[in-house]
Amino acid sequence: MPLDFSTLPDQQHGHANGDRAKTVWFDVGNGPVTPPAQTFTGYLSAGQSVILPSPWFEYAGGTIKATLSAPASADFELRLERGTNSAWLKVAESTSPTSSESVTYPASAGYYRVTVYSYSGAGNYALSMTK
């Protein structure tokens, strides 16, 4: 499959078609590959929440996958939200009564954020996100 360079920036005239540049991860001989995951870590007490990455990230579209690990004694929740002109709307959520949560979402271009919430218990968490 040939590479599509139509979204790469034109050095003389700005971006092609008025669009932003797009990063394409490519392994010569094997084709497109999944970009490396971003990992966020921290600590939450019961009832606390955190937005990751703070305050949000812009995404060109595709699949967003977020996986959360927390202590076995805690129940942390995971929510993916999309920004609009006036509010953040929940687009995916994982609220199982366990210490592991995961969401996969076919995202359109826009602004997104992930909220991690401690429903019960406290401890360190690790959020891994690929997009």
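The values are calculated or read from the model by the stated rules, or taken from the named source; none is laboratory data. Since this is a predicted model, take the numbers as computed values, not measurements. A quick note on method: Cβ atoms are made from the backbone with ideal geometry, for glycine too, and the neighbour counts reach across all protein chains shown. SASA here: full protein model, heavy atoms, side chains in, ligands and nucleic acids out. Shrake-Rupley method; radii C 1.70, N 1.55, O 1.52, S 1.80 Å.
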Find the residue count for segment 90-126, including only residues that are closer than 23 Å to Ala60 by Cβ, in contact with an Asp or Glu (Cβ under 6 Å, 6 or more places away or on another chain) and either open to solvent by 70 Å² or more (accessible area, probe 1.4 Å) or part of a loop (DSSP other than H, G, I, E, B) (or both).
-> 2
For segment 71-87, how many residues meet the condition of being open to solvent by 80 Å² or more (accessible area, probe 1.4 Å) and either modelled with pLDDT of 95 or more or under 21 Å from Ser128 (Cβ atoms) (or both)?
-> 2
For segment 17-25, does any single residue satisfy the condition of being open to solvent by less than 80 Å² (accessible area, probe 1.4 Å), part of a loop (DSSP other than H, G, I, E, B) and at pLDDT 95 or above?
-> no
Counting just the residues of segment 47-56 that are assigned to a strand (DSSP E or B) and surrounded by fewer than 16 Cβ atoms within 10 Å (Cβ to Cβ), which one comes out farthest from the chain's Cα centre (by Cα)?
-> Ser49
